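A short worksheet on the structure shown next.
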Amino acid sequence: MILTERESRHEHVLRIARQMMTAARTAPKGKGVDVIEIAMITDEDIRRLSEEMIAIHEENGFKFFLRDADNIQNAECIILIGTREHAHGLNCGHCGYANCNDRPSGTPCAIVSVDVGIAIGSACATAADHRVDTRVMFSAGLAAQRLNLLEECKQVFAIPVSASSKNPFFDRKPKEQPKG
């Protein structure tokens with residue numbers, strides 16, 4: 001039997017994506033409190049995400065939402081990493097407010113923001129260790145947040161994953177709105 005790389009690529013990328021999710025889960029968390037949520041989407045959910053990004057572009061006019069909506073179609077899967085609302089109660093002021101009680105609802109705790117960043121870094125490092133291509137996209141993360149793909153999560157980020165001869169998530173040209 002001969003198994004070519006092209007025949008095994010999709011399952012290989014999905015296996016690495018699962019390892020990326022584990023790396024994000026095991027990344028250090030402030031005060032040992034884990035409010036990170038992680039999921040992987042494929043196929044139809046990628047299309048739904050792309051459609052939502054186009055809708056966001058229509059609302060805000062930012063062309064990179066169009067470019068990224070087209071770009072994620074090249075992903076084998078997309079890892080979503082987000083955080084649930086949580087105040088750590090340190091009253092550190094790092095969020096811009098004197099204490100946690102002064103922080104308006106929806107303003108993220110700075111420690112939680114750092115936690116999601118470390119989780120993203122751990123996931124991307126795992127991808128790099130396995131030589132698959134990624135890019136962190138806040139645009140796709142915002143669309144995922146609006147679609148509630150990670151229930152109750154704020155600060156959702158998306159990491160499209162691919163294995164091809166050239167990383168499809170870099171050297172991207174701006175996408176124009178389709179005519180008609």
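The values are calculated or read from the model by the stated rules, or taken from the named source; none is laboratory data. A quick note: this is a predicted structure, and the numbers were derived from the prediction, not measured. Virtual Cβ from ideal backbone geometry, glycine too; neighbours counted across all protein chains shown. Quick note on the areas: whole protein, heavy atoms, side chains included, nothing else; ligands and nucleic acids left out. Shrake-Rupley method; radii C 1.70, N 1.55, O 1.52, S 1.80 Å.
Evaluate the following for Glu37: is it among the acidic types (Asp, Glu) and under 20 Å from Gln145 (Cα atoms)? Judged against the criteria, Glu37 is a match.
Among the residues making up segment 124-169, those that are in contact with a Gly (Cβ under 8 Å, 6 or more places away or on another chain) and open to solvent by 50 Å² or more (accessible area, probe 1.4 Å) are Gln145, Lys154, Phe157. Going by the structure shown, is Asn101 in contact (Cβ under 8 Å) with a residue 60 or more places away in the chain, assigned to a helix (DSSP H, G or I) and among the polar types (S, T, N, Q)? Judged against the criteria, Asn101 is not a match.
Considering only residues that are open to solvent by less than 30 Å² (accessible area, probe 1.4 Å) and either within 21 Å of Ala39 (Cα to Cα) or not aliphatic (A, V, I, L, M) (or both), which ones fall in segment 108-123?
Cys109, Val112, Asp115, Val116, Ala119, Ile120, Ala123
If you go through segment 83-93 and keep only what is at pLDDT 90 or above and either small (Gly, Ala, Ser) or under 14 Å from Lys31 (Cβ atoms) (or both), you end up with Thr83, Leu90, Asn91, Cys92, Gly93.
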